[in-house]
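Derivation of every value follows stated rules applied to the coordinates shown; laboratory data play no part. Predicted, not measured: the structure shown is a model, and the values here were computed from it. In this analysis, Cβ positions are derived from the backbone assuming ideal geometry, glycine residues included, and neighbour counts consider all displayed protein chains.
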Amino acid sequence: MHIVENPVHLLLKLPHQETYAHNILLDAEAYELLQAEGWKYSVSQSQPGRYYVQVQRKTEEGTQRLFLHRWLAFRGHINPGHGYEIHHKDFNGLNNLCENLEPLFLKDHRRLHAQQKKQKQEVVQ
């Protein structure tokens, strides 16, 4: 397992709120590469309470937008292969340390999140 000695902590405003996410993590090497390539960061919400870091930059062809965990995969930090998605092991879409990301087959990834959602609902009841 690759342990990050000096992770980068980003502070980004949450969408449609006046609060900030303090727990955004990224490997220093990936952060430096993103900065060098001119990427900007924002937080997007996929579902209530589920946030992900999005990166975007302007190019001659227009604006490029990607989720940070997918950018890491495309850049070769994680090689998912066809039919795979990138999973955040701790279920925190703001923790983009490479050690927290793993490729999972689409069906397995969806099943895992469905199980986690069901467990959360059982705890609430």
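Just check the stretch 8-124 against the gyration tensor rule for me: Cα atoms, a ≥ b ≥ c as the square roots of the eigenvalues, rounded for a/c under 1.5, and otherwise prolate or oblate depending on whether a/b exceeds b/c.
Here the stretch 8-124 falls in the oblate category.
Count the lysine pairs in the stretch 8-124 that are 8 or more places apart or on different chains: how many have C-alpha atoms under 27 angstrom apart? Counting lysine pairs in the stretch 8-124 gives 14. When the Cα gyration tensor is reduced to axis lengths a ≥ b ≥ c, the ratio a/c is 1.5 or higher for the stretch 1-67, and with a/b not above b/c it is classed as oblate. Here the label points at GLU99 and ARG65, each 7 Å from Cα along the C-beta direction, are separated by 3.3 nm in the simple model.
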